[in-house]
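The values are calculated or read from the model by the stated rules, or taken from the named source; none is laboratory data. Owing to the predicted nature of the structure, the values given are computational and were not obtained by experimental measurement. With ideal geometry, Cβ positions are generated from the backbone for all residues, glycine too; neighbour counts draw on all protein chains shown. When the accessible area is computed, the model is the full protein with side chains, heavy atoms only, and any ligands, DNA or RNA have been set aside. Shrake-Rupley method; radii C 1.70, N 1.55, O 1.52, S 1.80 Å.
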Amino acid sequence: MDCIFCKIVNGELPSAKIYEDDHQVAFLDAFPATAGHALLVPKKHIVNIFDCDEELGRIIYPTLIKLSKAIRHAMGCTGLNIVQNNEAVAGQVVFHSHIHLIPRYDYDGIKIAVASKAQATPEVLAPIADKIMRAL
Ligand code: AMP
Ligand code: ZN
């Protein structure tokens, strides 16, 4: 499969690896938003969160915690954004699932913000919440 992250996982392409176990690998982003920007990637080729089973989720989250603490310790960042882009409309460019860990430094000039608009009323929120709950 012509997938750059599969190639990194298989060792066909180089990466600055920071973590590896049987299920996942983490390496530094080649186009870092900030110093220490890392990607946590399942070894199995899955496209994104919509393709992810809960078992893999249970494996990945503890690693995310471990890596976040290690990155803060090593890099001296003052904060960290965890971001996953799922599908092109959400900014996904590499279609092998990955989670960004982006260290944040005072005055780093990076903006990762959920664009808030006007406050929604309970009448608007309630049917949406209901619809999502019924889809679980
Ligand atoms: P996304 O927009 O969430 O799909 O992000 C893909 C990320 O992969 C981007 O931040 C790229 O900089 C990064 N990237 C692309 N190619 C490589 C590579 N060969 N090694 C490390 N990171 C890469
Ligand atoms: Zn892949």
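Tabulated values for the structure
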quantity	calculated
Protection proxy ranking, peptides 31-37, 100-106, average beta carbon neighbours within 10 Å, highest first	100-106, 31-37
Backbone N under 17 Å from the Lys66 label point (7 Å along Cα→Cβ), restricted to segment 3-17	17
Listed residues Glu55, Glu20, Glu123, most fluctuating in the chain (Gaussian network, C-alpha, under 10 Å)	Glu123
Between 0 and 90°, nearest 10: helix 54-75 axis offset from the chain longest Cα axis	70 degrees
³J(HN,Hα), Karplus 6.51/-1.76/1.60, whole Hz, each residue of segment 109-116, x for Gly, Pro	x, 7, 10, 10, 10, 7, 6, 7
5 angstrom amide H check on Ile18, placed H, neighbours 5+ away	Ala26, Phe27, Leu28
Cysteines not pairable in the chain (beta carbon separation under 4.7 Å absent)	Cys52, Cys77
Chain lengthening between Val124 and Glu20 when straightened (0.36 nm per residue, less Cα-Cα)	33.0 nm
Within a Gaussian network of the chain (alpha carbon springs, distance under 10 Å), most fluctuating of Leu80, Leu67, Leu125	Leu125
15 Å Cα-Cα reach of Lys131 towards aspartates and glutamates, excluding residues that sit fewer than 8 places from it in its own chain	Glu123
Above-threshold pairs, the threshold being 22 Å between Cα atoms, out of Lys7/Lys111; Lys7/Lys43; Lys66/Lys117; Lys17/Lys44	Lys7/Lys111; Lys66/Lys117
Full-stretch length increase - Leu13, Ile112 - with 0.36 nm per residue and alpha-carbon distance subtracted	32.7 nm
Segment 63-84 and segment 1-28: distance between their alpha carbon centers, rounded to Å	19 Å
Label-reachable residues, segment 62-102, where backbone N falls under 11 Å from a point 7 Å from Ala33's Cα toward its Cβ	80-85, 100-102
Unit charges on C-beta of K, R, D, E only; dipole of the chain, Debye	340 debye
Accessible surface ranking that places the most exposed of Lys131, Lys17 first, with a 1.4 angstrom probe	Lys131, Lys17
Nearest-ten-degree value, helix 122-135 long axis tilted from longest Cα axis of the chain	50 degrees
Under 5 Å, built H, 5+ apart or other chain: amide partners of Val47	Ser97
Gaussian network model of the chain, springs between alpha carbon atoms under 10 Å - residue of Phe50, Phe27, Phe95 with greatest fluctuation	Phe50
